[in-house]
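Reading through the structure tokens given below for one structure.
The values are calculated or read from the model by the stated rules, or taken from the named source; none is laboratory data. Just so it is clear, the structure is predicted and the values come from calculations on it, not from any experiment. Note that each Cβ is placed from the backbone with ideal geometry, even for glycine, and that neighbours are counted across all protein chains shown. Just the protein is used for accessible areas: all its heavy atoms, side chains included, with ligands, DNA and RNA removed. Shrake-Rupley method; radii C 1.70, N 1.55, O 1.52, S 1.80 Å.
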Amino acid sequence: MSEFFITNLSAYTSPEVLELKSKAWIQYGQDNNYFNYIIDVNNNSTTNRAICIGVSNMIYGKGLAAHDADRRPEQYAQMMSLFKKQDLRRFISDYKILGMAAFQLVYKDGKVKEVHHFPMETLRAEKCEEKSGEIEAWYYSNHWENLKPSEKPERIPAFGYGKANGIEMYVLKPYEAGKYYYSQPDWSSSMPYAVLEDEIGDYLINDCINGFSGTKVVNFNNGVPDPIKMQSIKTDVLSKLTGSRGEKVILFS
């Protein structure tokens, strides 16, 4: 009689957009942490990260400009003072990596006085207004995945719904069929391959570190122990023959 231990690998799944009755905001992903998942996938894929950085730099180019700057110098100077280079670069980077990006607008006496980049991964859309169908606010938290029931994220009015002296959140979200609250990045269809590149890298590193081929079989021919003892033996053997990523040894008893 032989006993097999099977390790299941997680598979790529598309994000779930969840509207819960008990929450004023819309969850993005089953764990409400899909933005950070996208960031991790991009950071762990050498190819995808290089492409996103390159495209973001091309979008930014030489920064903001205006064809009528000579004819309207005051308005041009005001625009340049509002949109700082660093904020604009970060906004573009978020848009390329996450498919969405946000600016925080600070108003005084009904006029925009400051514009700052705001991390898109910290925002969740408020449920749309029933009559107009508009998203009137965004909720902020820097730890959505660990949000406690007693915590209340900060509500920030969306662009056009704030006060004369206050802040608004302008979110750039391109139209995407079947998506209303959140848009995926333009490279979302290649996300499984970005994940695969990361897994292949881990696999090869694991091969080099362990020096023990996954095609090897460890066979115990001295009887079949009870399940608890069997699991103990398996854990002990694997700890000596494998690294921290993946089980590449098949155990028979």
Query raised in the report: How much length is gained on full extension from Cys128 to Tyr203, taking 0.36 nm per residue of separation minus their Cα-Cα distance?
Result: 22.6 nm
Report summary line: Of every hundred units of 1.4 Å-probe accessible area on segment 39-82, the number belonging to carbon and sulfur atoms, as a percent, is 54
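Multiply the residue gap between Asp186 and Asp109 by 0.36 nm, knock off their C-alpha separation, and tell me the result in nm, one decimal place.
That pair, Asp186 and Asp109, stretches by 23.9 nm at full extension.
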Query raised in the report: At a probe size of 1.4 Å, how large is the accessible area of Val224, to the nearest 10 Å²?
Result: 80
Query raised in the report: How much length is gained on full extension from Gln78 to Asp236, taking 0.36 nm per residue of separation minus their Cα-Cα distance?
Result: 50.2 nm
Report task. Pop a pseudo-label 7 angstrom from the Cα along the beta-carbon direction at both Glu19 and Lys62 and give the gap in nm to one decimal. Result -> 4.7
Query raised in the report: By accessible area of protein heavy atoms, probe 1.4 Å, what ranking do Val195, Val41, Val17 get, highest first?
Result: Val17, Val195, Val41
Query raised in the report: How much accessible area per residue does segment 75-200 have, in Å², with a 1.4 Å probe?
Result: 58
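Within a Cβ distance under 13 Å of Tyr161, other residues only, what is the Lys/Arg minus Asp/Glu net charge? Walk me through the numbers before you get to the answer.
Details: positive: Arg155, Lys163; negative: Glu126, Glu129, Glu134, Glu136, Glu168.
Charge balance near Tyr161 sits at -3.
Distance cut-off 19 Å, Cα to Cα: go down the list Lys21/Lys148; Lys85/Lys108; Lys113/Lys152 and report the pairs above it.
Lys85/Lys108; Lys113/Lys152
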Query raised in the report: Calculated FRET efficiency, Lys85 and Ala177, Cβ-Cβ r, R0 35 Å, to nearest 0.05?
Result: 0.55
Query raised in the report: Under a 1.4 angstrom probe, counting protein chains only, how are Thr122, Thr46 ranked by accessible area, largest first?
Result: Thr46, Thr122
Requested in this report: Give the accessible area for Tyr170 in Å² (nearest 10); use a 1.4 Å probe, count only protein heavy atoms, and leave out ligands, DNA and RNA.
Outcome: 90
